[in-house]
Amino acid sequence: MDEKKEDKSAESMKNHIVYYRSLTKVISNIKKEKEQENESAIKEHLENRIEAMEKDRKRIRDMFPEIKEEEWNGNAD
């Protein structure tokens, strides 16, 4: 199976930062939903979704190690 070469251009970096921030918001919303949920099967499903999104966020951070944490979180000057 061929591995896809990752696009690390400036445009790709900008798009990945936007996507990373949207993942952060979705994860936050899912965590709130999980806190309000009573059924264990649904809680487990939500936790699996969070874990998958966290892996995606890590993959994106690893693609662009030069970006500081503040910039990922939208706190850059």
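Laid out as a table, the results:
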quantity: Dipole magnitude (debye, nearest 20) for the stretch 10-72, charges at Cβ of Lys, Arg, Asp, Glu; calculated: 120 debye
quantity: Violating pairs (Cα-Cα greater than 26 angstrom) within the set Lys8/Lys43; Lys5/Lys68; Lys31/Lys55; calculated: Lys8/Lys43
quantity: Calculated [θ] (222 nm, deg cm²/dmol) that DSSP helices of n ≥ 4 give over the chain, each run adding -39,500 (n - 2.57); calculated: -24500 deg cm²/dmol
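Every number here is computed from the coordinates shown, using simple stated rules; none is lab data. Small disclaimer: the values here were computed from a predicted structure and weren't measured. A quick note on method: Cβ atoms are made from the backbone with ideal geometry, for glycine too, and the neighbour counts reach across all protein chains shown.
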